[in-house]
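Structure first, commentary second.
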Amino acid sequence: MDSFLLIFLIVIAYVALLLILKHLGFGEKKVCKNCSNCCPDCQKAMERIKRKRRDYLLNHCTFHIFDFKRYRCMECGWEGLRWEKQLRPGKS
Ligand SMILES: [Zn+2]
């Protein structure tokens, strides 16, 4: 029973941490004057690329709180995951 409670508390703490990170804008798309999604290194536009298997896994592990998408910089080749704020709540 104690170990169940411990796991429960860890899960709660984990979800709380994810929500805090989201609130702080961790890994959020950057908007600059050039484009709506710019590279963290060179501020140039990034293109959307196909997600990898581990990206789907990460989204599952973060309970789709972020819904990360994979982007690549056309200028310097930076590649990584970014998420954007949803203006409207998701379709039910
Ligand atoms: Zn770049």
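The values are calculated or read from the model by the stated rules, or taken from the named source; none is laboratory data. Remember, predicted model here, so these are calculated numbers, not experimental data. We place every Cβ from the backbone using ideal geometry, glycine too, and count neighbours over all the protein chains shown.
Assorted remarks:
- Checking each residue in the stretch 30-73 for being among the aliphatic types (A, V, I, L, M) and surrounded by fewer than 12 Cβ atoms within 10 Å (Cβ to Cβ) picks out Val31, Ile49, Leu57.
- Of the set (1) closer than 21 Å to Leu18 by Cβ; (2) modelled with pLDDT of 95 or more, all apply to Gln86 but (2).
- Residue within the stretch 35-46 that is closer than 30 Å to Val11 by Cα and within 16 Å of the chain's Cα centre (by Cα) present: no
- Residue list for the stretch 61-81, restricted to those being of a type in the set (A, V, I, L, M, F, W, C) and under 13 Å from Lys30 (Cα atoms): Cys73, Leu81
- Count of residues meeting criterion [of a type in the set (D, E, K, R) and either surrounded by fewer than 10 Cβ atoms within 10 Å (Cβ to Cβ) or within 16 Å of His64 (Cβ to Cβ) (or both)] in the stretch 13-29: 2
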